[in-house]
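K.L.:
Structure provided below as structure tokens; questions to follow.
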Amino acid sequence: MITGDAAIAVVGCGYWGKNIVRNFHDLGALSWVCDVREAVANEARTKYQVRATTNLADVLADIEVQGVAIAAPAAEHYRLAVQCLRAGKHVFVEKPMALTEEECRLVYHAVRESGKQITVGFNRRYASTYVELKNLLRRRTGPAVVGCRINSPGISGSYWMADPAIGGAILGEACHFVDLMYWLLDAEPIAVSAFSLPTGKQDPIGENNIAASFRFADGSVGNLTYCTVGSRTSEGERVEVFAPGMGADAEDFKRVAIRTRIVRKHSSLFAEKGHAAQMNAFLSALQNGKTPEVTVRDGVRATIGCLRMLESTRSLQTCPIDLDWVLDGPAQ
Ligand SMILES: NC(=O)c1ccc[n+]([C@@H]2O[C@H](COP(=O)([O-])OP(=O)(O)OC[C@H]3O[C@@H](n4cnc5c(N)ncnc54)[C@H](O)[C@@H]3O)[C@@H](O)[C@H]2O)c1
């Protein structure tokens with residue numbers, strides 16, 4: 001549990017970090033900003049009148065700082081998260097939590113040894129359209145069929161997230177949908193089979209374009225169609241679920257249809273993506289001494305699910321997903 005007002009530092013204040021900075025500022029919790037680029041840190045300092053630094057050690061030395069939100073590039077996540085946990089800070093890390101099995105183990109053990117909380121930015125769990133799908137699936141009487149189709153042409157060109165050497169769009173973004181399927185079904189993914197577009201080219205990057213099928217512990221199945229080659233005029237994401245006597249679909253955080261004996265549909269003009277709600281929930285979990293809904297195990301699952309998906313595209317085999325097998329390995 002934390003005492004008094006939560007003091008949160010944001011590490012990495014680039015394209016996405018700016019939103020995290022704004023949200024924690026609006027929640028009255030922002031105390032530091034940290035970015036290796038001095039101009040970026042100073043811009044946030046001027047805008048929000050908080051302390052700024054290029055050196056994480058300054059943040060970690062401040063005993064008033066209770067939580068650190070990490071929005072640096074994915075390759076930095078596990079190292080920064082472990083450093084913050086070992087310094088006694090709670091952590092909100094953007095997805096993916098880690099890029100390899102070894103990184104997963106290091107974060108997992110750092111959480112256990114520090115007794116501090118970590119949560120991962122799986123904001124879809126807090127978006128009202130997906131909450132409606134989950135509430136419907138809770139009432140299902142048998143295994144479900146889930147379909148996620150994502151069009152993400154923005155993850156291309158020189159954006160670091162497009163680079164398969166550091167996880168590419170699959171670990172960088174498709175990890176959201178491994179977590180989403182698990183959370184919607186409340187069932188562990190146990191195996192995946194996947195194909196990608198031809199690899200070895202810079203444009204398009206085949207590894208970032210995947211059709212994958214997952215099998216879940218309760219017998220449910222899920223398809224993930226993830227692409228970066230598409231047009232910006234196609235919609236971004238569509239998720240469809242089916243279970244005995246029921247169906248539902250959600251599009252772009254704006255439209256949802258729940259289909260049982262009757263059809264109930266609604267839509268909104270603006271996409272409500274759940275980011276602010278997740279940051280708010282993180283703060284209140286810390287203030288009330290509770291574990292945030294998204295835990296280190298969720299971070300591990302999403303990374304391992306993506307790694308196995310990529311492995312399957314290379315081996316052309318179905319790959320088992322076994323979190324305990326990964327976590328039981330030795331931590332360096
Ligand atoms: N949840 C979402 O919807 C969503 C959307 C986009 C990005 N993201 C996540 O946000 C994170 C950042 O992505 P981005 O697109 O803003 O990248 P970016 O490159 O625009 O910004 C990263 C920032 O981190 C800084 N940085 C790099 N290493 C650092 C370090 N060791 N310490 C402190 N600062 C460091 C860089 O100078 C840069 O300002 C990623 O984890 C990404 O997955 C989440």
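K.L.:
Need the list of aspartates and glutamates near K273 for cross-linking: C-alpha distance under 18 angstrom, and skip anything on the same chain fewer than eight residues off.
P.N.:
Here the aspartates and glutamates satisfying the reach criterion relative to K273 are D26, E94, E132, E173, D179, E235, E237, E240, D249, E251, D252, E293.
K.L.:
Compute the Cα gyration tensor for segment 232-309, then decide on rounded, prolate or oblate, letting a ≥ b ≥ c be the square roots of its eigenvalues: rounded whenever a/c is under 1.5, prolate when a/b is larger than b/c in the other cases, and oblate in all that remain.
P.N.:
Judged from the Cα gyration tensor, segment 232-309 comes out prolate (a/c at least 1.5, a/b above b/c).
K.L.:
Check each of the chymotrypsin sites (Phe, Trp or Tyr not before Pro) in segment 13-51 and keep only those in coil by DSSP with at most 10 other C-beta atoms within 10 angstrom; list them in order.
P.N.:
Hits after loop and neighbour filter: Y15.
K.L.:
Can you give the calculated 222 nm mean residue ellipticity of the chain, where each DSSP H run of n ≥ 4 adds -39,500 (n - 2.57) and the sum is split over every residue, rounded to the nearest 500 deg cm²/dmol?
P.N.:
-10000 deg cm²/dmol
K.L.:
Among 79-87, 197-205, what's the highest-first ranking by average C-beta atoms within 10 angstrom per residue?
P.N.:
Highest-to-lowest ranking by the protection proxy: 79-87, 197-205.
K.L.:
Assuming a ≥ b ≥ c are the square roots of the Cα gyration tensor eigenvalues, decide whether segment 195-255 counts as rounded (a/c under 1.5), prolate (otherwise, with a/b larger than b/c) or oblate.
P.N.:
oblate
K.L.:
So what are the ³J(HN,Hα) numbers for segment 122-138, from phi and the Karplus equation (6.51, -1.76, 1.60; θ = phi - 60°), rounded to whole Hz, Gly and Pro as x?
P.N.:
Rounded to whole hertz, the list is 8, 5, 4, 5, 10, 8, 4, 5, 6, 4, 5, 5, 5, 4, 5, 5, 4.
K.L.:
For segment 64-206, just say rounded, prolate or oblate: build the C-alpha gyration tensor, square-root its eigenvalues into a ≥ b ≥ c, call rounded for a/c under 1.5, and beyond that prolate if a/b exceeds b/c, oblate if not.
P.N.:
oblate
K.L.:
Between the alpha-carbon centers of segment 258-288 and segment 23-77, tell me the distance in whole angstrom.
P.N.:
Taking the Cα centre of segment 23-77 as reference, the centre of segment 258-288 is 27 Å away.
K.L.:
So, counting K/R as plus one and D/E as minus one, what does the shell of residues with Cβ under 15 Å around I70 add up to?
P.N.:
It works out to a net charge of +2.
K.L.:
Then there's this: Let me check the size of the chain from its C-alpha atoms; what are the radius of gyration and Dmax in Å?
P.N.:
19.7, 59
Rule-based calculations on the coordinates, nothing more; no lab input. Only a predicted model underlies this, so the values are computations on that prediction, with no experimental measurement involved. Counting neighbours? That spans all protein chains shown, and the Cβs are built from the backbone with ideal geometry, glycine included.
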